[in-house]
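The values are calculated or read from the model by the stated rules, or taken from the named source; none is laboratory data. Please read all numbers here as calculations on a predicted model, not as lab measurements. Every residue, glycine among them, receives a Cβ derived from its backbone with ideal geometry; neighbour counts consider all protein chains shown.
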Amino acid sequence: MSEQAEQSHAKAVPDILVSLPDDVEPTKVVRPEPAPAFAFALPKWTNQALVMICSIAIGIAIWHIGSTMRWNWGINFSNIPPPSKVLDATLKNVIDPDFYVHIAVSIRRVMLSFALAVVLGVPTGLLMARNRIIRAAFLPYIEILRPIPAVAWIPLAILMWPTEESSIIFITYLGAFFPIVLNTISGAEQTPEVLVRAVRSLGASKFDEFRHVILPAALPSISAGLAVGMGVAWFSLLAGEIISGQYGIGYFTWDAYSMVRTPDIVLGMLTIGALGTASTFGIKLLTAPMLKWQSKTR
């Protein structure tokens, strides 16, 4: 562009601006004001944590009001101890070494039974999902034995096993085994068949097929089965400890009921809930590194 053209263009711009109608205002650029130095963003989980805390506080308040006013509207609160008495029982038991012995014994039983259920349940579920003969051989036993509650196994388990400890571990193992097997079968059956055929076309062995295709595809369902199995394991353990145990948090709760120590009953229930929640959370933490590929595919 020549110098004369540039000068004429520069002169034309102010003429155009001057020729705008009076009712038309030039556009103003609005710039955002800088944030204050003390401003900070709250974590995403803060709102959820506040809601959870408020929910627990409301539940404790209802419990306190119902037990102190002895409500009897469908649920009889007259025999339920208030939170203050449960707190006193908690402070009394936390300094008692026997209370920690009960907790340690229950944890040991659950961990041993759960490990046995994982070692046997996951391979069994994978084989049943990928082999029709194995599935036909094992499925009738699983479907028949699975609905039997843990309490119904107690008399037979006492007769089958030489010690009470082994019978309790067996009952706890059964509680964790069936959810793990069924979730593993469900996860392995959902493996995309196109991936299996692709691996076979590349000359992969059966072991490589399980390791690189079927097992990763089934891991989300296996993780869910482990979490469910851990919860059922605690339920089954307590059933065994109540009937034939001498130690354990289930025995502690049942002994409190027999001796009419109602605050200790509630303490035992809350301890069971805390242990079950902590163990389930631990299972999720252990399986989380194996499921990182899920976040990458979303």
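Assorted remarks:
- Just so you know, in the stretch 156-203 the residues that are among the charged types (D, E, K, R) and surrounded by 15 or more Cβ atoms within 10 Å (Cβ to Cβ) include one that is nearest to R109 (Cα to Cα), and it is E165.
- Just one of the listed residues (A288, A198, A204, A188) is farther than 30 Å from S166 by Cβ, in contact with a Gly (Cβ under 7 Å, 6 or more places away or on another chain) and in the same structural domain as R135 (by TED's automatic domain parsing), namely A188.
- Flag for I171 being under 17 Å from G240 (Cβ atoms), touching a residue at least 12 places away in the same chain (Cβ under 8 Å) and in the same structural domain as F252 (by TED's automatic domain parsing): yes
- Residue match in the stretch 234-242 (condition: modelled with pLDDT under 90, surrounded by fewer than 23 Cβ atoms within 10 Å (Cβ to Cβ) and within 23 Å of P97 (Cα to Cα)): yes
- Residues of the stretch 90-115 classified as touching a Ser or Thr at 6+ places or on another chain (Cβ under 9 Å) and either outside any helix (DSSP H, G or I) or not polar (S, T, N, Q) (or both), total: 9
One line per residue, one yes/no per condition, for (1) in a helix (DSSP H, G or I); (2) hydrophobic (A, V, I, L, M, F, W, C):
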position	(1), (2)
P155	yes, no
F170	yes, yes
I180	yes, yes
T184	yes, no
T191	no, no
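- Selection count where residues are under 20 Å from A218 (Cα atoms), of a type in the set (V, I, T) and in contact (Cβ under 8 Å) with a residue 40 or more places away in the chain, scope the stretch 91-135: 3
- When the test is whether a residue is farther than 18 Å from I249 by Cβ and of a type in the set (S, T, N, Q), T124 passes it.
- Filter result (β-branched (V, I, T), more than 16 Å from D264 (Cα to Cα) and loosely packed, with under 11 Cβ neighbours inside 10 Å) within the stretch 61-94: I75
- F99 in the same structural domain as G175 (by TED's automatic domain parsing), of a type outside the set (A, V, I, L, M) and over 22 Å from the mean Cα position of the chain (by Cα): yes
Yes/no matrix, rows are residues, columns are (1) over 15 Å from the mean Cα position of the chain (by Cα); (2) among the acidic types (D, E); (3) within 30 Å of L159 (Cβ to Cβ):
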position: A218; (1), (2), (3): yes, no, no
position: L237; (1), (2), (3): yes, no, yes
position: M259; (1), (2), (3): yes, no, yes
position: A274; (1), (2), (3): no, no, no
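- Residue count for the stretch 159-168, restricted to those that are in a loop (DSSP other than H, G, I, E, B) and β-branched (V, I, T): 1
- Conditions (1) farther than 27 Å from Y247 by Cα; (2) at pLDDT 90 or above; (3) surrounded by 13 or more Cβ atoms within 10 Å (Cβ to Cβ); number of the one not met by C54: (3)
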